[in-house]
1. Apply 1/(1 + (r/R0)^6) to the Cβ-Cβ distance of Leu36 and Ile71, taking R0 = 25 Å, and write down the FRET efficiency to the nearest 0.05.
2. Quick one: which residues, 5+ away or cross-chain, put their amide H under 5 Å from the amide H of Ile102? H built at 1.01 Å from N.
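None of the figures in this text is laboratory data; all of them are computed from the coordinates on show. Since we're looking at a predicted model, the values are computed, not measured. Reconstructed Cβ throughout: ideal geometry from the backbone, glycine too, with neighbour counts over all protein chains shown.
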Amino acid sequence: MSSVYNLVNQVKVMELNQMGRKGAPRGNRNAKKGALFRDALHKALVRDKGSLERIASALVARAEEGDLTAIKEIADRLDGKPVQAIAGAGEDDTPVVVTLRIMDHNGVEQL
């Protein structure tokens, strides 16, 4: 029973650590790499004022030629990406219900 109690406490600590935080969790090295790339890209675009316009024009030209990837990119940028539907796990598409019971170290349920 103590392992369940420890697991519940770990979940509580993780939830508390994540409350009010935005962005990637601590220690996520990919987020830092992404920020470095985004900063470098921004600097390159600022240096050459017409580069972003040329890139956008090339994307539009590819879309006009029927490139589905370019069309999708333009639609996503202008209209936003569509929300992914999440279906229930039941056979009849019923929603998933999760019940969490918190027990103390004596096995008594806490409210």
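1. Details: r = 30 Å, r/R0 = 1.21.
Result of the calculation: an efficiency of 0.25.
2. Under 5 Å from the amide H of Ile102 lie the amide H atoms of Gln110, each far enough along the sequence or on another chain.
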